[in-house]
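Worksheet: one structure, shown below.
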Amino acid sequence: MITAAQMRAARALAGIDQKTLAERAGVSLPTIQRMEASDGVVRGVVDTLMKVIQALDEAGVELIGENQTSERGGRGVRLKPAVTPNPKAEPA
């Protein structure tokens, strides 16, 4: 699975725009736009998702799932879990 935020971040790390990702994945630009505009986990045809993930992998981006480790090492980024503010906490 891949989230819309992961997809945007992966594209940014690879230094490619939506059009380039669409071309490399062999899918339409509106498909990429729709995927990146979705909320949370990207839903769609499994074959299309796999093409996008493969294109990102070939661009040098490793997608790391929730609570997974990177098998290849190297530099990267990971989104921290959202912190729920404590409503009883005093402002600083």
- In the stretch 1-19, the residues that are over 12 Å from the mean Cα position of the chain (by Cα) and within 13 Å of VAL61 (Cβ to Cβ): GLY15, ILE16
- Message: Name the single residue that is modelled with the lowest pLDDT among those in the stretch 3-53 being assigned to a loop (DSSP other than H, G, I, E, B) and buried (at least 17 other Cβ atoms within 10 Å of the Cβ).
- Response: VAL42
- Can you spot a residue in the stretch 54-68 that is at pLDDT 95 or above and crowded, with 17+ Cβ neighbours inside 10 Å? yes
- Message: List the residue pairs whose Cβ atoms are under 8 Å apart, where the first residue sits in the stretch 26-54 and is without any contact (Cβ under 8 Å) to a residue 24 or more places away in the chain and charged (D, E, K, R), the second is loosely packed, with under 15 Cβ neighbours inside 10 Å and assigned to a loop (DSSP other than H, G, I, E, B), and the two are 6 or more positions apart or on different chains.
- Response: ARG34/GLY44
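The values are calculated or read from the model by the stated rules, or taken from the named source; none is laboratory data. Quantities reported herein were computed from a predicted structural model and do not represent experimental measurements. Glycine also receives a Cβ, built like all others from the backbone with ideal geometry; neighbour counts cover every protein chain displayed.
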